[in-house]
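Beneath this line is the structure, given in structure tokens, with notes to follow.
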Amino acid sequence: MELKRTAFKAYDIRGKYPEEVNEELAYRVGRVFADTLKSKKVAVGHDIRLSGPKIKDALVRGLNEMGCDVVDIGQCGTEMIYFTTYFLKLDGGIMITASHNPKDYNGMKLVREGARPISSDTGLKKIEDRVIAGELGSISDQKGSIVKKDIMADYVEHIIGYADKKALKPLRVVVNAGNGAAGPILDVMEKYLPFEFIKVNNEPDGSFPNGVPNPILLENRETTAQAVRENKADLGVAWDGDFDRCFIFDEKGAMIEGYYIVGFLAKAFLQREAGAKIIYDPRLIWNTIEIVEEAGGIPVMCKSGHAFIKDMMRKENAVYGGEMSAHNYFREFTFCDSGMITWLLVAELMSKAEQPLSQMLAERMEKYPISGEINSTVKDAGAVMEKIEKIYGSKGKIDRTDGFSVAYDNWRFNLRISNTEPVIRLNVESRGDKKLLSEKTKELLLVIRG
């Protein structure tokens, strides 16, 4: 079978099943990945997609043929592979998932020992070249084993340990798993928490009967928002399919942009560890920088993307890192992102403050209003970027850490080209001036969209 390079992205393998991601690709990835390991013991799991078990079987066959032992944790979320790889001191892990993509997609996320991510810069490109060329290495005389492992109890105990259980109040929490992999985790977690869970789309279902589990889409937010309002809940939480991201809703049903959660959690970590470093991405920055500096911390900017953030966190020994895309990273979770730790910490902060979430964040949202990420499909992304640079490049402070950013006295913007599609992503923020924010956002979109 001829395989396509299009499935190999910057941080993972992802594409349509079976045209781009299929059993043959998984088998070859298993062979090549195992061949790169000194020791050979790997965790494998899959999310709720219907093609997951077939891809897993092919992947495991490839791993086993190279003498690699497999710890099969079954259906899970991505962070459970991170946890298993670290907790059991394995040599690597592979999560079969396409996260928030449509149901006819699937893919793989690869990590090495210590749950270190494998990206195009740290080995994925070499794996791609060997997989496509059929250079799979020599089959081992000693076939690897398969051990099925239920990691749930250890994982939940670990996750809950991030919150101060004594401080937690009996909040009413709407939890929307989106028919993804989060549902079974929530069923176990609620036994150990004082919260009243109001469950929405809790049953895992790879046919996605209620749409793609991607809460960042506007059309997917209302289900959670409505459940919060109808049940007079204190908090709403919605996850994507593999639950490495969660999206927070206040008691009014309004979704809180991930940008504000970064500052919210950063301040809490700095109260625990004075002078610590906090990692943030370049798309939206002013609120985070101000909060971190006022709390005595050190803000460190890093190119967006989980592989870059995790590497920077290790380099700086940062206690916490956050992206406006709702990925939140924790040093004590092997510098990995977790959609479960995030909402637990938010609930703890709410319990201690004894005030509604909307009030806790209102001042920051007024001080630094944002446009939200706006995507524009364009014919020539490079030409658009050149045009923007020509118009705005000489008027403000430029930063090229990730895409093209320009900061002025009272507003700034970041423009990035998508790695996978002809799309340009725009983020705009201002210093408390919503009118200026609206004007500049419209102005930029006129240039971008022609």
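The values are calculated or read from the model by the stated rules, or taken from the named source; none is laboratory data. This one's a predicted model, so the numbers in the text were calculated from it and none came from an experiment. So basically every Cβ, Gly included, is an ideal-geometry build from the backbone, and we count neighbours across all protein chains shown. In case anyone asks, the SASA skips ligands and DNA or RNA and just uses the protein heavy atoms, side chains included. Shrake-Rupley method; radii C 1.70, N 1.55, O 1.52, S 1.80 Å.
For first residues located in region 147-163 and touching a residue at least 24 places away in the same chain (Cβ under 8 Å) and within 10 Å of Met189 (Cβ to Cβ), partners that are open to solvent by 70 Å² or more (accessible area, probe 1.4 Å) and charged (D, E, K, R) and lie 6+ apart or on another chain with Cβ distances below 9 Å form the pairs Val156/Lys191. Taking the numbered list (1) of a type outside the set (Asp, Glu); (2) in contact with a Phe, Trp or Tyr (Cβ under 9 Å, 6 or more places away or on another chain); (3) open to solvent by 10 Å² or more (accessible area, probe 1.4 Å); (4) under 17 Å from Gly258 (Cβ atoms) in turn, Val300 passes all entries but (4).
Listed by first and then second residue, the pairs linking a residue in region 337-350 that is more than 16 Å from Glu79 (Cβ to Cβ) to a residue that is among the small types (Gly, Ala, Ser), with Cβ atoms under 7 Å apart and 6 or more places separating them unless they lie on different chains, are Glu348/Ala163; Glu348/Ala167; Leu349/Ala268.
Any residue in region 316-334 that is free of Cβ contacts under 8 Å to residues at least 24 places away in the same chain, out of contact with any Asp or Glu (no Cβ under 6 Å at 6 or more places or on another chain) and more than 21 Å from Arg400 (Cα to Cα)? Taking every residue of region 316-334 in turn, at least one turns out to be free of Cβ contacts under 8 Å to residues at least 24 places away in the same chain, out of contact with any Asp or Glu (no Cβ under 6 Å at 6 or more places or on another chain) and more than 21 Å from Arg400 (Cα to Cα). Residues that are touching a strand residue (DSSP E or B) at 6+ places or on another chain (Cβ under 7 Å) and surrounded by fewer than 18 Cβ atoms within 10 Å (Cβ to Cβ) within region 205-231 comprise just one, Asn231. Inspection of region 143-153 identifies at least one residue that is surrounded by fewer than 18 Cβ atoms within 10 Å (Cβ to Cβ), within 28 Å of Asn179 (Cβ to Cβ), within 26 Å of the chain's Cα centre (by Cα) and of a type in the set (D, E, K, R). From (1) open to solvent by less than 10 Å² (accessible area, probe 1.4 Å); (2) farther than 14 Å from Gln75 by Cα, pick out the condition that doesn't hold for Pro170. (1) is the only condition that Pro170 fails. With respect to Phe269, is the statement that it is touching a Cys at 6+ places or on another chain (Cβ under 8 Å) and open to solvent by 10 Å² or more (accessible area, probe 1.4 Å) true? Answer is no for this residue. What tally of residues in region 411-450 results from selecting those that are polar (S, T, N, Q) and out of contact with any strand residue (DSSP E or B) (no Cβ under 6 Å at 6 or more places or on another chain)? Of the residues in that region, 4 qualify.
Could you check how many residues of region 164-188 are in contact (Cβ under 8 Å) with a residue 60 or more places away in the chain and either more than 27 Å from His46 (Cβ to Cβ) or outside any helix (DSSP H, G or I) (or both)?
Within region 164-188, residues that are in contact (Cβ under 8 Å) with a residue 60 or more places away in the chain and either more than 27 Å from His46 (Cβ to Cβ) or outside any helix (DSSP H, G or I) (or both) number 15.
When Ser371, Ser338, Ser394 are checked against the criterion of being on the phi < 0 side of the Ramachandran plot and modelled with pLDDT under 95, Ser394 stands alone in meeting it. Between Arg416, Arg425, the distinction of being in contact with an Asp or Glu (Cβ under 7 Å, 6 or more places away or on another chain), within 16 Å of Lys390 (Cα to Cα) and not small (Gly, Ala, Ser) belongs to Arg416 only.
Within region 427-435, is there a residue that is among the hydrophobic types (A, V, I, L, M, F, W, C) and either more than 24 Å from Phe249 (Cβ to Cβ) or out of contact with any Ser or Thr (no Cβ under 8 Å at 6 or more places or on another chain) (or both)?
no
Within region 267-312, the set of residues being in contact with a Leu (Cβ under 8 Å, 6 or more places away or on another chain) and in a loop (DSSP other than H, G, I, E, B) comprises Ala276, Ala295, Gly296, Gly297.
When restricted to residues that are assigned to a helix (DSSP H, G or I) and either free of Cβ contacts under 8 Å to residues at least 40 places away in the same chain or of a type outside the set (Gly, Ala, Ser) (or both), region 233-266 contains 6. Can you name the residue in region 118-142 that is touching an Asp or Glu at 6+ places or on another chain (Cβ under 9 Å) and open to solvent by 80 Å² or more (accessible area, probe 1.4 Å) and is also nearest to Trp343 (Cα to Cα) among such residues? This residue is Asp121.
Condition first: under 24 Å from Asp72 (Cβ atoms) and among the basic types (Lys, Arg). Now tell me which residues in region 106-129 satisfy that.
Listed by number, the residues that qualify are Lys109, Arg112, Arg116.
Scoring Lys191 on the criteria (1) open to solvent by less than 10 Å² (accessible area, probe 1.4 Å); (2) part of a loop (DSSP other than H, G, I, E, B) leaves a single failure, condition (1).
Within region 393-436, the set of residues being in contact with a helix residue (DSSP H, G or I) (Cβ under 8 Å, 6 or more places away or on another chain), open to solvent by less than 20 Å² (accessible area, probe 1.4 Å) and either touching a residue at least 60 places away in the same chain (Cβ under 8 Å) or farther than 30 Å from Ala362 by Cβ (or both) comprises Phe404, Arg412, Ser418, Val423, Ile424, Glu429, Ser430.
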